[in-house]
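Note sheet for the following structure.
Only the coordinates and a few stated rules stand behind these numbers; no lab work does. Computed from a prediction, not measured in an experiment: that's the story for all the values here. A quick note on method: Cβ atoms are made from the backbone with ideal geometry, for glycine too, and the neighbour counts reach across all protein chains shown.
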Amino acid sequence: MSYYRVQIEELNNGEKRYTPQVTTLSIVGRLFPKTNISWENIVYDKNSDHYDIVYSIRCIYDSYEEAKSVIENYKQWGSRENGTKVKSTTYKMID
């Protein structure tokens with residue numbers, strides 16, 4: 001399950017910047033299992049109509065509504081992309 005949030009940064013001059021983010025919950029370790037949460041930035045490339053999830057790059061938006069819109073569009077894009085992923089691969093031996 002994925003979780004979404006908007007990171008809000010308020011600058012000294014009073015301006016605010018918004019970064020849409022996503023995380024997936026994972027369990028790490030066998031002997032001592034721990035929950036691992038790491039937030040990644042959602043980056044939208046307008047030219048290719050493609051979304052990426054990255055740590056080191058981020059797109060900053062001027063309003064909360066724009067950042068929230070990116071998250072909603074990413075959710076729809078993700079469901080489209082999921083339909084084109086390979087579900088399984090089988091092999092048939094030739095005698």
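Would you list THR35, THR24, THR19 from fewest to most Cβ contacts within 10 Å? Could the numbers behind the result be given before it?
Details: THR35 9, THR24 12, THR19 19.
Taking fewest neighbouring Cβ atoms as first place, the list is THR35, THR24, THR19.
May I ask you to work out the translational diffusion coefficient for segment 2-83 at 25 °C, viscosity 0.890 mPa s, via Stokes-Einstein with Rh from the Kirkwood sum over Cα pairs, reported in whole µm²/s? All intermediate terms of the calculation are to be shown ahead of the outcome.
Working: Rh = 14.0 Å.
Answer from the Stokes-Einstein relation: 175 µm²/s.
Please arrange GLU66, GLU10 by counting, for each residue, the other beta carbons lying within 10 Å of its beta carbon, fewest first. Can you show the working numbers first?
On the way: GLU66 14, GLU10 9.
In increasing order of surrounding Cβ atoms, one gets GLU10, GLU66.
Relative contact order, percent, of segment 2-83 when contacts are C-alpha pairs under 8 Å separated by at least 6 residues?
Numbers: 126 pairs, mean separation 21.6, N = 82.
Taking the mean separation of contacting Cα pairs over the length of segment 2-83, I get 26 percent.
Taking the number of other C-beta atoms within 10 Å as the exposure measure, put ASP45, ASP52 in order starting with the fewest. Present the calculation step by step, with values, prior to reporting the outcome.
Working: ASP45 10, ASP52 14.
With the sparsest Cβ surroundings first, the list reads ASP45, ASP52.
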